[in-house]
1. Any idea which of GLY21, GLY77 is at pLDDT below 85, exposed (fewer than 13 other Cβ atoms within 10 Å of the Cβ) and either of a type in the set (Gly, Ala, Ser) or not in a helix (DSSP H, G or I) (or both)?
2. Residues to consider are GLU44, GLU38; find the one that is among the charged types (D, E, K, R) and loosely packed, with under 11 Cβ neighbours inside 10 Å.
3. I'm trying to understand the selection: among the residues of the range 51-74, which are open to solvent by less than 40 Å² (accessible area, probe 1.4 Å), out of contact with any Leu (no Cβ under 6 Å at 6 or more places or on another chain) and either aliphatic (A, V, I, L, M) or more than 21 Å from GLU37 (Cβ to Cβ) (or both)?
Amino acid sequence: MRKIVIRILTVIAVIALLIIGKIQIDKYRVKSITHGEEGKAAIENMLKIMDEKAFTSEGKIKSYKIDDSYTERNPMGGVNISIVVNDDK
């Protein structure tokens, strides 16, 4: 009886560790996508479409920052992000 309980608890612990590991890997993957070169280029292109003079002294958009507290994986395979423009949420 005691061996059965130990095996069940071991299986539950292994499953919990696998789930936690998967969540951490997804968080790392999303962060590497958003803060990587391709992610930054895509964000800057999007902002330049919204404001042609972005990141210049004449444009309304001077800077941006990715809000990591909202960044999450989209179930359709993408990434949802929130951007803080000119330090104004």
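1. On the way: GLY21 fails: at pLDDT below 85.
When all the criteria are applied, what remains is GLY77.
2. Working: GLU44 fails: loosely packed, with under 11 Cβ neighbours inside 10 Å.
That would be GLU38, the only listed residue that is among the charged types (D, E, K, R) and loosely packed, with under 11 Cβ neighbours inside 10 Å.
3. Scanning the range 51-74 gives ASP51, GLY59, ILE66.
Here's the yes/no breakdown for (1) outside any loop (DSSP other than H, G, I, E, B); (2) among the charged types (D, E, K, R); (3) open to solvent by 80 Å² or more (accessible area, probe 1.4 Å):
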residue: LYS3; (1), (2), (3): yes, yes, yes
residue: ILE12; (1), (2), (3): yes, no, yes
residue: LEU17; (1), (2), (3): yes, no, yes
residue: ILE25; (1), (2), (3): yes, no, yes
residue: SER32; (1), (2), (3): yes, no, no
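The values are calculated or read from the model by the stated rules, or taken from the named source; none is laboratory data. Keep in mind that what you see is a predicted model, and the values were worked out from it rather than measured. Backbone-built Cβ (ideal geometry, glycine too); neighbour counts: all protein chains shown. These accessible areas exclude ligands, DNA and RNA; they are computed on the full protein's heavy atoms, side chains included. Shrake-Rupley method; radii C 1.70, N 1.55, O 1.52, S 1.80 Å.
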